[in-house]
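Below you'll find the structure, written out as structure tokens, and then a few comments.
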Amino acid sequence: MSRHAGTAPAEAGLGSRIRQYLTFTLDGELFAIGISQIKEIIEYGALTSVPMMPSFIRGVINLRGAVVPVLDLQARFGRAASTVSRRSCVVILEIEAEGDSQQLGVLVDSVSEVLELADSSIEPAPSFGAAVRPDFIEGMGKINGRFVIVLSLARVLSTQELAAALDAAPAAALV
């Protein structure tokens with residue numbers, strides 16, 4: 001039986017909840033984020049660049065009249081900026097910033113699928129060898145023999161740089 005994103009997690013065994021995650025790729029690696037903060041997924045389109053933003057802020061988009069900053073997750077992870085392709089997508093998230101709800105887009109190479117993982121099947125983040133800062137990783141899940149890096153959005157998206165970028169983006173004029 002399929003569950004919708006807004007339904008409560010099912011129970012799997014004793015004390016192990018099943019949660020839904022959106023999986024996506026960045027530079028050939030598989031990542032996942034919990035769907036609870038995802039508003040929608042849109043095609044990558046024209047962005048308006050905003051001067052003096054951190055390098056991981058690609059620009060802003062006009063989403064039904066709202067100015068939404070778009071982060072390049074590759075660049076946020078300290079890698080080279082993403083190369084946009086026909087499969088590139090922007091995942092629109094709703095995050096809490098200083099008590100207010102803020103929409104934010106993250107650029108990913110491609111979206112894979114929504115899957116369910118039991119809390120008990122997510123292992124702690126490795127202390128070495130990860131291609132992403134360990135504090136950005138909530139854990140490692142396993143899907144069909146392949147590891148998926150489960151990201152902690154609270155850590156990836158909550159820095160002083162990001163707060164400054166979010167504050168500056170609504171003041172930017174869209175062309």
Qualifying strands (runs of 3 or more DSSP E) (wholly inside region 35-154; at least 2 residues being in contact with a helix residue (DSSP H, G or I) (Cβ under 8 Å, 6 or more places away or on another chain) and modelled with pLDDT of 95 or more): 100-108
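Taking region 155-175 only, how many residues are among the polar types (S, T, N, Q) and modelled with pLDDT of 80 or more? Spell out the reasoning first.
Taking region 155-175 and keeping what is among the polar types (S, T, N, Q), we get 158-160.
The next check asks that each one be modelled with pLDDT of 80 or more; those that pass are none.
Of the residues in that region, 0 qualify.
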Residue ID - nearest to the chain's Cα centre (by Cα), chosen from residues in region 65-88 that are under 14 Å from Glu43 (Cα atoms) and surrounded by fewer than 20 Cβ atoms within 10 Å (Cβ to Cβ): Ser88
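Suppose we keep only residues that are of a type in the set (S, T, N, Q) and surrounded by 16 or more Cβ atoms within 10 Å (Cβ to Cβ) within region 89-108. Which one would you say is nearest to the chain's Cα centre (by Cα)? Talk me through it step by step, then tell me what you get.
Step one: filter region 89-108 for residues of a type in the set (S, T, N, Q), giving 101-103.
From the residues that got through so far, the ones that are surrounded by 16 or more Cβ atoms within 10 Å (Cβ to Cβ) too are 102-103.
Values: Gln102: 14, Gln103: 12 Å.
Filtering region 89-108 for residues that are of a type in the set (S, T, N, Q) and surrounded by 16 or more Cβ atoms within 10 Å (Cβ to Cβ), the one nearest to the chain's Cα centre (by Cα) comes out as Gln103.
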Test: residue in region 11-27 that is at pLDDT 95 or above and among the acidic types (Asp, Glu): no
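The values are calculated or read from the model by the stated rules, or taken from the named source; none is laboratory data. Bear in mind the structure is a predicted one, so any value in this text is a computation, not a measurement. Glycine gets a Cβ as well: all are built from the backbone with ideal geometry, and neighbour counts include every protein chain shown.
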